[in-house]
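What follows is a set of notes on a single structure, which appears directly below.
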Amino acid sequence: MQITSIDDLQRAKGAGLAQLYPDKPKILVGMATCGLAAGAQRVYDLLQKKVQQAPWDGVVEKTGCIGFCYKEPLVDIIIPGKPRITYQEMTPEVAESLWEELAAGRIPEARVMARLDVDDMILNGGPRRLFKGKLTGFLAKAPRYEDLDFFKLQRHIAMRNCGFIDPDNLLHYVARGGYFALYTALTAMTPEEVIEAVTTAGLRGRGGGGFPTGVKWASCRKAQGRPKYVLCNADEGDPGAYMDRSLIEGDPHSILEGLLIGAYAIGSSEGYIYVRAEYPLAVKTLQRAILAAREAGLLGQNILGTGFSFDLKLNLGGGAFVCGESTALMASIEGKPGEPRAKYVHTADKGLWNRPSNLNNVETWANVPVIIAKGADWYRDIGTEGSKGTKIFSLVGQVKNVGLVEVPMGVTIKDLVMRVGGGVPENREFKAIQIGGPSGGCIPKQHWDLPIDFDSLREAGAIMGSGGLIVMDNSTCMVDVAKFFLDFLIDESCGKCIPCRLGLKRMRELLEEFSTGKGSLADLDELESLSEAVKDGSLCALGGSAPNPVLTTLRYFRDEYEAHILDHKCPAAVCKELITYTINQELCNGCTACAQECPQGAITGSKKKPHTLNTSQCIKCGACFEVCKFEAVTVA
Amino acid sequence: MSVTFKALENILDHYPPSSEHLISALQDVQAKFSYIPLEAMTAVCDHLGVPLSRGWAVVTFYKAFSLEPKGEHDVAVCLGTACHVRGGRNVYDKFRRDLGIAGPEGTTRDLKFSLRQVRCLGCCSMAPVAQMDEEIHGNLSQRKAGQLLRMYRKR
Ligand SMILES: Cc1cc2nc3c(=O)[nH]c(=O)nc-3n(C[C@H](O)[C@H](O)[C@H](O)COP(=O)(O)O)c2cc1C
Ligand code: SF4
Ligand code: SF4
Ligand code: FES
Ligand code: FES
């Protein structure tokens, strides 16, 4: 369908709405990466087969990640005049009976997670109530989305369409108000007014640094030289995060629309999306979205009949963390190794191919259409004084409700971990969060009232980062965490400058000493001063922020370092040189599970008799600890 | 797969002779042969008009490229932060022990398996996670890792 005027856009919206909420039942399967990993494809295939076999007037579609990753695979049922119902932990077998109930005209009652009464549709005239009157029966008793702790504090703005649309269907995006903001910007606003709106809204970059987006756009608009480029950073290098991937896999057009609006504001007609090649589904989704937008006329010449032209290319990253850095990313698009350069010449003036360039993160771009559609004041109302809007986190690690959450800026760590996340599993104890990835830091429980916004986090020694938020409990060793991030960074340092290339290695050696019970308190001071030197002396922000994980663990968990050095103990029982595995003779009932699993043959004993573990043979792999069901294997 | 003239030509046909396509063309070569054969790198550089040294620089800089042939099954164990705090390291070591791979990454002598580390497969809710060929396996333990290898060995 061609969309070259506002009338076309209106027609597309009508057609899309009829597909989103058809006058017949619809089944939606969540098919983003983690849904697929949990088995969504088999569920989807089965439902498709059923629908084709039997004469049933309904549809089966796919959708993206709504964030409840720990309940995957998820399936939704949308019946005209009823709330939308979400079913959790689907298997092909359960899906089959679910479909049979539905085909027989009943609403399935098994594995209900929640019901949705109102679709927020923030960009299309506001909330849409899905049914009239009162609910009865089991539906009345089913929890609503907003009753779930996981959802209560959330507000989906960047994720507005994730889990609601088929990401490959342009009409679905338009139906929820998509591309109308673009039309408004192109026809009712000057480029300066667009920049003004983004500035007033207080949008700050979601890729890590939190730089004001409007300010960045303004300097690129002012820059001399043509062509100008707008770029999207979808490299997502944080090793424990997948927000950007989910946004792309769930709602690619929101990023395209953001880029289009940005290009208009800056005066650019060409753009690139730099996406990790290791994200095959995200790559395919973007390819399809670009193709669809081009076919509809939303990319190309004379967009929406306004005379504005813009097109986009996709560039696949080769898997280097440093390529997320702006100058390295541009070098990589040019086909070179991704080495950063010093930034005394700003990329706004001389970036990609030495032309003025503006780079923003995926989530930053996805926020832009909302600001234009709802206005800067609407957006400013959300969040805190210095950090406006929402932020998506991948809430992962030792937490019950693992998933993607989008919360207003300023939510406290405690609320995020204990309420949204449901606390740590198995009655262990919450210890710290790690936020900001390899450039960020660990914040301990005693600071859990800290509001999560750009400035508070920086004060605490961490950074907002791109949204990785890893929960740690008392089974996590902070020296080990520091080692983990340093290993990553040493691996990823491009090697161009000395503080980063060699400084990090020396820091790593010191940590190795500690984790093997060697080293002295004086070494702790050396680690600290070395950290400061690497911070100050590195060329790019990879090196410049690399010491953060070390510095924050030193700042908040010095006693743990000291326990390693002075007592030769690892309190969390992680550092292999400092722990011993033993079998508790009282608790061992001789089930032989551990002896079978031990790669060293270090465990002996006869059936139904307590076993013994020969420490001198043990390589501390932990396999025995994992398999013992009676907690007879202990580690300390 | 041997490096046939035809297979290479199909890749090169996609790209106009300009240096910006170096990484993309090499990615296609990697996807096709599952490593970068020297002949192929030379052909790509010639075609795009870039010096061979630039080809080397790019291939050795980016993780996505390998100069060695890969095993039949690709085992990618996640060592992202979420998997790390949930015991991913022990699982990874188990794979290494069972496959008899000395270094951090590598290929078994019988060319049956290649083991490598990856960071965040986007399934942290199932951490620790590994991807065997196209399939993701979650909530791994050392025992489950051993079972998986036995299963794939039979395939
Ligand atoms: C080593 C390093 C890695 C980075 N990785 C990413 C990344 O994966 N994704 C991202 O959006 N920004 C990343 N950044 C930040 C970018 O350099 C840049 O600031 C950002 O993309 C700008 O967009 P924003 O203003 O919308 O945040 C990284 C920075 C550094 C120094
Ligand atoms: S700080 Fe590290 S990554 Fe950045 S340029 Fe220097 S060596 Fe390369
Ligand atoms: S830790 Fe590993 S090597 Fe040591 S006894 Fe247990 S299974 Fe055997
Ligand atoms: S990937 Fe499906 S809910 Fe997260
Ligand atoms: S850290 Fe392993 S899947 Fe995310």
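The values are calculated or read from the model by the stated rules, or taken from the named source; none is laboratory data. Model, not experiment: these values are computed from the prediction. Cβ: placed from backbone, ideal geometry, glycine included. Neighbour counts: every protein chain shown.
Things worth noting here:
- Matching helices (runs of 4 or more DSSP H) fully within region A:216-315 where at least 1 residues are within 14 Å of chain B (Cβ to nearest Cβ): A:243-250, A:280-296
- Of the residues screened, residue A:403 is one that is surrounded by 24 or more Cβ atoms within 10 Å (Cβ to Cβ) and within 14 Å of another protein chain (Cβ to nearest Cβ).
- Enumeration of residues in region B:100-155 that are of a type in the set (Gly, Ala, Ser) and away from ligand 3 (no atom under 16 Å from the Cβ): B:100, B:102, B:103, B:106, B:114, B:122, B:125, B:127, B:130, B:138
- Here residue A:584 passes the criteria (1) within 9 Å of ligand 3 (Cβ to nearest atom); (2) in contact with a strand residue (DSSP E or B) (Cβ under 9 Å, 6 or more places away or on another chain); (3) of a type outside the set (Gly, Ala, Ser); (4) farther than 30 Å from residue A:506 by Cβ except the one numbered (1).
- Answer residue from region A:530-547, given it is aliphatic (A, V, I, L, M) and away from ligand 2 (no atom under 11 Å from the Cβ) and is nearest to residue A:487 (Cα to Cα) among those: A:530
- Residue count, region A:27-46 (criterion: of a type outside the set (Asp, Glu), away from every other protein chain (no Cβ under 14 Å) and under 28 Å from the mean Cα position of the chain (by Cα)): 5
- Residue, surrounded by the most Cβ atoms within 10 Å (Cβ to Cβ), within region A:461-519, restricted to residues that are more than 16 Å from ligand 4 (Cβ to nearest atom) and on the phi > 0 side of the Ramachandran plot: A:465
- Across region B:101-152, the number of residues qualifying as away from every other protein chain (no Cβ under 13 Å) and within 16 Å of ligand 1 (Cβ to nearest atom) comes to 0.
- Some residue of region A:614-627 being at pLDDT 95 or above, buried (at least 21 other Cβ atoms within 10 Å of the Cβ) and more than 14 Å from chain B (Cβ to nearest Cβ): no
- Scope region B:3-31; condition of a type in the set (A, V, I, L, M) and assigned to a loop (DSSP other than H, G, I, E, B); matching residues: B:3
- Selection of helices (runs of 4 or more DSSP H) fully inside region B:68-155 by the criterion of at least 3 residues being closer than 24 Å to residue A:35 by Cβ returns B:81-85, B:142-154.
- The listed residue being without any contact (Cβ under 8 Å) to a residue 60 or more places away in the chain and away from ligand 2 (no atom under 16 Å from the Cβ), out of A:79, A:3: A:79
- Of the helices (runs of 4 or more DSSP H) entirely within region A:1-87, those holding at least 2 residues that are β-branched (Val, Ile, Thr) occupy A:40-53.
- Of the candidates B:43, B:57, the single residue that is among the hydrophobic types (A, V, I, L, M, F, W, C) and buried (at least 19 other Cβ atoms within 10 Å of the Cβ) is B:43.
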